[in-house]
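Asks: Please read through the structure below; I'll follow up with questions.
The values are calculated or read from the model by the stated rules, or taken from the named source; none is laboratory data. Only a predicted model underlies this, so the values are computations on that prediction, with no experimental measurement involved. Quick reminder, even Gly has a Cβ in these numbers, built from the backbone with ideal geometry, and neighbours come from all protein chains shown.
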Amino acid sequence: MRRKIAAGNWKMNGLPGSAAEIEALAKAHPDPGCDVIICPPFPLIPAFAALGAPFAIGAQDCHAAEKGAHTGDVSAQLIAAMGAKAVIVGHSERRTDHGETSDLVHDKAVAAQGAGLTAIVCVGETLAEREAGQTLDIVNDQLRGSVPAASTAENLVLAYEPVWAIGSGLVPTNDQIAEVHAALRAELAAHLDPARAEAIRILYGGSVKGSNAGEIFAIANVDGGLVGGASLTAEDFAPIVAAAG
Ligand code: PGA
């Protein structure tokens, strides 16, 4: 049985006062029954981790190198030292806004795992790619390129996030989600081995809300969600945590 995950990707949102949302969420879910991971912007990580809520804190990116002359970047080691347990790598907004390739995402995931973090590796097709019938080729290709060979259920989570579903209110059909998640699990088995592939959690992300989370999390091979907009307030995220718990 894979324990479900409710992960919140705050993107470039939140201020120090947003800690109140974490406290309210902890009050609503003192014992969530799933793994909850909140990923705020870097500067909020230490304060959020210090709250002692029953949640893990994660980052949204890390550099592939351990340290060095990389102005503005943050190492996986520092992220771990600040109290985070996970880091998202290869989000489509990074792949698009920052030109990140699967090669680079792979190296970031290796750095994250080397620092003791769980790498949450994102894959997903654009609308044009889906319409061209390329979805499975694209996501499998991203998986092979991005997922380190030494990945295990402890240091890797995969997230399927169709680019066209992110922040758009559009969600694939249950059958479309099931098809991609089954394909990703089979690809993980080929890329790693069947035992690890069976244990690794695969999240769905893209316009997950309280109103659709229960249905989405019940789909075969969906082990929880990576949630953007609906993770920013306790009010919106609490029902999603409940659906995963
Ligand atoms: P969304 O974002 O839930 O706002 O669609 C998901 C994500 O980008 O991780």
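Asks: Against the conditions (1) farther than 26 Å from S207 by Cβ; (2) modelled with pLDDT under 95, where does A53 fall short? Just the number, please.
Replies: (1)
Asks: From the list A153, A186, which residue is more than 16 Å from the ligand (Cβ to nearest atom), modelled with pLDDT of 95 or more and part of a loop (DSSP other than H, G, I, E, B)?
Replies: A153
Asks: May I pose another question? If a residue has to be in contact with a Leu (Cβ under 8 Å, 6 or more places away or on another chain) and within 15 Å of the ligand (Cβ to nearest atom) to count, how many in segment 224-237 make the cut?
Replies: Residues that pass the stated criteria total 4.
Asks: Would you pick out the residues in segment 189-231 that are in contact with a His (Cβ under 6 Å, 6 or more places away or on another chain) and in a loop (DSSP other than H, G, I, E, B)?
Replies: The answer is N221, V222.
Asks: Based on what the data block shows, is V139 β-branched (V, I, T), within 25 Å of P40 (Cβ to Cβ) and within 16 Å of the chain's Cα centre (by Cα)?
Replies: no
Asks: Here is a follow-up. Confirm whether D137 is in a helix (DSSP H, G or I), away from the ligand (no atom under 16 Å from the Cβ), over 17 Å from L226 (Cβ atoms) and touching a residue at least 12 places away in the same chain (Cβ under 8 Å). Step through it out loud before you land on a result.
Replies: Working: in a helix (DSSP H, G or I): yes; away from the ligand (no atom under 16 Å from the Cβ): yes; over 17 Å from L226 (Cβ atoms): yes; touching a residue at least 12 places away in the same chain (Cβ under 8 Å): no.
No.
Asks: Tell me the residue from A234, A243, A159 that is surrounded by 17 or more Cβ atoms within 10 Å (Cβ to Cβ), over 22 Å from L127 (Cα atoms) and within 18 Å of the chain's Cα centre (by Cα), please.
Replies: Numbers: A234 fails: within 18 Å of the chain's Cα centre (by Cα); A159 fails: over 22 Å from L127 (Cα atoms).
Exactly one of A234, A243, A159 is surrounded by 17 or more Cβ atoms within 10 Å (Cβ to Cβ), over 22 Å from L127 (Cα atoms) and within 18 Å of the chain's Cα centre (by Cα), namely A243.
Asks: Something else about it: Check whether at least one residue in segment 13-29 is more than 16 Å from the ligand (Cβ to nearest atom) and under 28 Å from D103 (Cα atoms), and report yes or no.
Replies: no
Asks: Also, I was wondering about something else. Mind listing just one residue for me: the one in segment 82-119 that is within 16 Å of the ligand (Cβ to nearest atom), of a type outside the set (G, A, S) and part of a helix (DSSP H, G or I) and, of those, surrounded by the most Cβ atoms within 10 Å (Cβ to Cβ)?
Replies: V105
Asks: So which of D35, D31, D103, D107 ends up being closer than 30 Å to E198 by Cβ, within 14 Å of the chain's Cα centre (by Cα) and not basic (K, R)? Steps first, answer last, please.
Replies: Numbers: D31 fails: within 14 Å of the chain's Cα centre (by Cα); D103 fails: within 14 Å of the chain's Cα centre (by Cα); D107 fails: within 14 Å of the chain's Cα centre (by Cα).
None of the other options fit; the residue is D35.
Asks: Still on this structure: Go through segment 4-31 and give me each residue that's closer than 25 Å to D61 by Cβ and in a loop (DSSP other than H, G, I, E, B).
Replies: Scanning segment 4-31 gives K4, W10, K11, M12, N13, G14, L15.
Asks: Give me the pairs: first residue in segment 85-112 and farther than 28 Å from P54 by Cβ and without any contact (Cβ under 8 Å) to a residue 40 or more places away in the chain, second residue assigned to a strand (DSSP E or B) and not small (G, A, S), beta-carbon distance under 9 Å, and six or more apart or on different chains, which are they?
Replies: Short answer, once both residue conditions are applied: R94/I88; R94/C122; R95/C122; E100/V89.
Asks: Another question about this same structure. Could you list, in sequence order, the residues of segment 194-217 that are of a type in the set (V, I, T) and either away from the ligand (no atom under 14 Å from the Cβ) or touching a Leu at 6+ places or on another chain (Cβ under 9 Å) (or both)?
Replies: Matches in segment 194-217: I200, I202, V208.
Asks: Further, regarding this structure: Only one of A59, A64, A47, A76 is surrounded by 16 or more Cβ atoms within 10 Å (Cβ to Cβ) and closer than 16 Å to A20 by Cβ. Can you tell me which? Quick ask: steps written out before the conclusion?
Replies: Values: A59 fails: closer than 16 Å to A20 by Cβ; A64 fails: closer than 16 Å to A20 by Cβ; A76 fails: closer than 16 Å to A20 by Cβ.
Just one listed residue meets the conditions, A47.
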